[in-house]
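First the structure, in the form of structure tokens, and then the observations on it.
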Amino acid sequence: RPVLDLEAIRAQFPILTAKLDERPLIYLDSAASTQQPECVIEAVADYHRGHHANIHRGAYRLSRTATRLYEEARERVARFLNAAEPVECLFTRGTTESINLVAASWGRATLQPGDEILVSTLEHHSNLVPWQMVAESRGVRLRAIPIDDAGELDLDAYRRLLSPRTRLVAVNQVSNALGTINPVAEIIAEAHAAGVLVLIDGAQWVAHGPTDVQALDADFYAFSGHKLYGPTGIGVLYGKRRLLESMPPYQGGGDMIERVTFERTTYAGLPNRFEAGTPHISGAVGLAAAIDWVESIGLTAIAAHERALLRQATERLAAIPGLRIKGTARHKSSIISWVMEDPPIATLDIGTALDLRGICIRTGHHCCQPLMDRLGVTATARASFGVYNRPDEVEALAEALSEIRDEALRRMVRAQSEEIDS
Ligand code: PMP
């Protein structure tokens, strides 16, 4: 029995009903950005058509409406994450800015020379470089939890790395390069037992399963709208109230102050203190619409559908000779990464050949160069599935990959015979 009405879902995505070079688009790059359903596109357009004004300019009703829509979006995010209060949910540009906010604000206020920050080998550069930057300026050491060959975190090593010097553990809930689902509840519990705070990069999780920041007891939680069927340029940083209240502002400017004189400034309370300048109001409205949409389908049903697609993709790709799947963790999200070893085909060539067949995948290092080094590759090809993907699209990917391999083999044989002839 199908867990969701796939054709009804697909019909809501204008880009999936359009054609690329006369072919239907096969979009297998939802881990980079999901496509947006009509109701999200419409919510943003409706805001622009009828309600747009700068927020917090209370003299006129239009601005009050825009402010209300923006704050209702914050309430929607808080319910989605099960945050205790909306003010614990800050709007940012995305996961990258959320992590930079914590690194710059909490990091600068708290870190002392000799302290340690623990990340993992699976991190996206956005959960690595901001820590490196603050570590360098504060004399702090960055350490990485190792992984095994399947792409799973080594939890024994994690326990050994947690020390009285550790101030923060910053890990992702799902690896964008391999799809590994990390045991974040366990990671948080262990860190808290050692008195250490935890930031979870939820960029690759929130669209694939329910999130409850209070049940997890996460101290900080970051995600992006554009991986959750919402707009780009909007994201969220959740932080526990007492932590956010203890942190200095990240950026200075309008809307984040209480009183400014040339001598000194006092800052506004939460959440304004961390939202300097005019925010992405329509983005927040679009994100709230995306959350409504995702929850109307149901994250449990979405997860079951994507699990089936991943199982099919894993079976079909594993059966292609010479193709090696990278990342074979027991718990995986709907991401599959691979390399073509025999004959060797550059991942960019795989991506280009698939694009000619109307199939969009991601190739490269996935902003995870330390992970690529650990895997002994420079790049992988990656397909990732969303709620709208169909089994026949997975089939088309597998067939195209077999064809690409056959063509490469024929080219090799031809080149060899030409060499013998000459
Ligand atoms: N972390 C992970 C695990 C990601 O997959 C991504 C996006 N690829 C990011 C962080 C950064 O997100 P954004 O580009 O939306 O800031």
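At a glance:
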quantity	calculated
Amide H contacts under 5 Å for ILE345, placed H, 5+ residues apart	MET340
Debye, to nearest 20: dipole size of the range 25-111, +1 on Lys, Arg Cβ, -1 on Asp, Glu Cβ	400
For the chain, built as a Gaussian network whose Cα springs stay under 10 Å, the top-fluctuating residue of LEU122, LEU16, LEU237	LEU16
Total formal charge among the other residues, if their Cβ is under 13 angstrom from that of LEU309, Lys/Arg +1 and Asp/Glu -1	0
Residues with amide H under 5 Å from that of VAL169, placed H, sequence gap 5 or more	LEU118, LEU197, VAL198, LEU199
Value at 222 nm in deg cm²/dmol, rounded to 500, when DSSP H runs of n ≥ 4 in the chain each add -39,500 (n - 2.57)	-13000 deg cm²/dmol
With Cα atoms, 0 to 90° folded angle of helix 95-110 axis to the chain main axis	50
Sequence-distant residues sharing a close amide H with LEU90 (under 5 Å, placed H)	LEU237, TYR238, GLY239
Theoretical FRET efficiency, 1/(1+(r/R0)^6), r = Cβ-Cβ of ALA193 and HIS331, R0 30 Å, to 0.05	0.85
Residues of type lysines that LYS332 reaches as a straight line, Cα spacing below 18 Å, ignoring anything fewer than 8 places off in the same chain	LYS227
Residue among LEU299, LEU25, LEU356 with the largest mean-square fluctuation in a Gaussian network model of the chain, springs linking Cα atoms under 10 Å	LEU356
Contour excess over end-to-end distance, with Cα ends at ALA215 and GLN312 and 0.36 nm allotted per residue	31.7 nm
Gap separating the Cα centres of the range 7-39 and the range 286-329, nearest whole Å	15
Cα lying deepest toward the dipole's positive end in the range 1-134, options ALA78, TYR27, ALA103, charges on Cβ	ALA78
Estimated FRET transfer efficiency when R0 is 25 angstrom, pair ALA11-THR352 (beta carbons, to 0.05)	0.25
Of ALA103, ALA353, ALA73, the one that fluctuates the most in a GNM where the chain has Cα springs shorter than 10 Å	ALA353
FRET E, pair ASN82, ASP148, Förster distance 45 Å, beta-carbon r, rounded to 0.05	0.90
Rg over Rh, two decimals, the range 283-422 (C-alpha only, Kirkwood Rh)	1.06
In degrees, nearest ten, helix 281-297 long axis to first principal axis of the chain (Cα)	60
Inter-label distance for ARG49 and GLU136, nm, one decimal - labels placed 7 Å from Cα along Cα-to-Cβ	4.9
Computed magnitude of the charge dipole of the chain (debye, nearest 20; Cβ of K, R +1, Cβ of D, E -1)	1120
Cβ-based net charge around ALA398, under 14 Å, with every Lys or Arg adding one and every Asp or Glu removing one	-2
Cα long-axis angle, helix 347-356 against the chain (0 to 90 degrees, to the nearest 10)	80
Among beta bridges that DSSP assigns inside the chain, antiparallel share in %, nearest 5	60
Gap separating the Cα centres of the range 136-175 and the range 79-109, nearest whole Å	21
Cα-projected label distance for ASP21 with LEU4, points at 7 Å along beta-carbon direction, nm	2.9
Net lengthening on full extension, ARG57/GLU38 (0.36 nm per residue, minus Cα-Cα)	3.8 nm
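All of the numbers you see were taken from the coordinates with simple rules; none came from a lab. Model, not experiment: these values are computed from the prediction. In this analysis, Cβ positions are derived from the backbone assuming ideal geometry, glycine residues included, and neighbour counts consider all displayed protein chains.
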